[in-house]
Each structure stands twice: as C-alpha cells, then as structure tokens.
1. Would you pick out the residues in the range 1-14 that are surrounded by fewer than 19 Cβ atoms within 10 Å (Cβ to Cβ) and closer than 17 Å to PHE194 by Cβ?
2. Kindly establish whether ALA58 is over 16 Å from the mean Cα position of the chain (by Cα), crowded, with 22+ Cβ neighbours inside 10 Å and not in a loop (DSSP other than H, G, I, E, B).
3. For LYS88, all conditions in the list (1) buried (at least 18 other Cβ atoms within 10 Å of the Cβ); (2) part of a loop (DSSP other than H, G, I, E, B) hold save one; what is the number of the exception?
4. GLU93 - would you say it is surrounded by fewer than 22 Cβ atoms within 10 Å (Cβ to Cβ), in contact with a Pro (Cβ under 6 Å, 6 or more places away or on another chain) and not in a strand (DSSP E or B)?
5. Looking at ASP169, ASP150, ASP119, ASP180, can you tell me which residue is part of a loop (DSSP other than H, G, I, E, B), at pLDDT 95 or above and over 18 Å from SER5 (Cβ atoms)?
6. Just the residues that are at pLDDT below 95 and not in a loop (DSSP other than H, G, I, E, B), please, taken from the range 231-250.
7. I want to confirm something. Restricting to the range 124-157 and keeping residues that are surrounded by fewer than 18 Cβ atoms within 10 Å (Cβ to Cβ) and of a type in the set (Asp, Glu), which single residue is farthest from the chain's Cα centre (by Cα)?
8. Would the range 158-181 turn up any residue that is over 30 Å from GLY29 (Cβ atoms), exposed (fewer than 15 other Cβ atoms within 10 Å of the Cβ) and touching a residue at least 60 places away in the same chain (Cβ under 8 Å)?
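The values are calculated or read from the model by the stated rules, or taken from the named source; none is laboratory data. This is a predicted model, so every value here is computed, not measured. No Cβ is skipped: glycine too gets one built from the backbone with ideal geometry, and neighbour counts run over all protein chains shown.
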Amino acid sequence: MNEQSSKNKKAWEFRAYEFWNKRDGSPQGKANRILENPKACLKKHKQYFDHIEGKKIANLCGSNGRKAVPLALLGAEVTVFDISEENKKYALELAKYANTSIDYIVGDIYDINLTKYGDYFDILYLEGGILHYFNDIDTFMSILYSLLKDNGVMVLSDFHPLRKCIVEDPETLTRPGYFDQELRNGDLAYKHYFDEKEQQDFPDVSVRSYTLSEIINSVITSGFKLQKFDEHRGWENENIPWEFTILAIK
C-alpha cells in the first residue's frame, strides 16, 4: 500500500462507523428505508441498472454499502472494494438488516487481485467522489478496465472538476487552481459532522485533483469506449456543474 493510500485508510477508519450512524441512522433503520424502494436509492443512476438480476457488479470505494445493498436487493451479485474496515462494518450490518448479502473486500484498489477478479464483472459502479483519492489515474483506470468482462459497462460518477474553482473553500477562503496537479492534504469528508473541538483530532486525507480532460482521456486511453457524458447540478439546483457521470464500455 502506497503512502497516499495508507494515509487515506487511516483517515477513513477514524470514527467512520459513528459518522454513518449520525448521518444515515442505524443500519437497521437505513435498511428499512432502502427496502421501501431499492431502485430509488440509486437516484440519478437508476437508469443504468435495469434487469441486473444475476449480474456481477463491483462497487468500488463503495463506502457504507448505501448503493451496494440496493443493487443486491435488485438481484445483482455485488462486491464492494473499499479501504475502510469501519465502512465494512456498517455495510455488512446494513445488508443483514435488509435480508440480503454482499461481498466486501477491504484493501487498496491498486492491490486488487486481478488473477481472481480480472475479466470478472459485468458492471463497475463508482460514485460519490473517488478519483481524488488516487494519484495515478491511468493505473487506476487500467485496473478498472481489467476488472470488466468484454462488453462490460462502467458507470463512473464524481465531483465535477470545475466545482473546486467556482466554490470557495470555507476553511481557507481560496479556490484551488483548475490545473493544480499536486498531492495535497485535505479534510476528511465527514469531519464537519462532529463538534468543533472534536474536529481537531481528525486525520487529514491525501488528495489529487484532476481536470476534466485528464479524466476523460484516461478513460479512453485505458481502452474504454466512451458512450455518454452527463453533467449534473447540485442538490440545491445550483447553476454550476456539481457532478458528472461517465458511461463507458469495454
């Protein structure tokens, strides 16, 4: 595990289980809400998951299982790859209370066993802000490509790179440069859910921002066939690009 991944593992295993209970409620309560309408939990990506019964889906950086469990309830065989044992704890409890099952592998994405999982999955699903945790996007995309079967589909959704240049950082009151390629320390995503005094104890994550062209070019040069690129507003209907979704095929 490289230095960046080790740092991010330490961060994402710091009170993450407690955070998920704070934000999403207990695994049992969250499971009950998912069971009401599993497909609705996929939100803007539900269009990509029709007729997935028996499909093998890899949910990379799948966090607390909030997407993996709905996919499993829809009939898919879901494997989560994530770096945090605390995320796994919540996700497996969530699956149990939803009366379904998921596989959950804790480790560095760079270290996935491609002998076992090469050409294995029908669908890859990545969402919620992932790419900045990987300092070598080309190696990352190459691994994703290797995981898919021929004609397999990748659904990749992430923060729109322009957002960081438009939205001022509340901590530093600055806007990072769009073409900044440096590896930087950053706040753990859920740090601000805790009291100000407690926030001082939270470890930093290590992140690297990418431009839109770096992301798209990496998808293409790794071998994927880019099928669709969508831009999304924020949840409050902001008039700026907040997220994007790439649909690509092997």
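1. Answer for the range 1-14, where residues must be surrounded by fewer than 19 Cβ atoms within 10 Å (Cβ to Cβ) and closer than 17 Å to PHE194 by Cβ: LYS10, GLU13, PHE14.
2. On the way: over 16 Å from the mean Cα position of the chain (by Cα): no; crowded, with 22+ Cβ neighbours inside 10 Å: yes; not in a loop (DSSP other than H, G, I, E, B): yes.
Taking the combined requirement at face value, the residue does not satisfy it.
3. (2)
4. yes
5. ASP119
6. Within the range 231-250, GLU231, HIS232, GLU243 meet the criteria.
7. My answer is ASP150.
8. Within the range 158-181 (the criterion being over 30 Å from GLY29 (Cβ atoms), exposed (fewer than 15 other Cβ atoms within 10 Å of the Cβ) and touching a residue at least 60 places away in the same chain (Cβ under 8 Å)), the answer is yes, since at least one residue qualifies.
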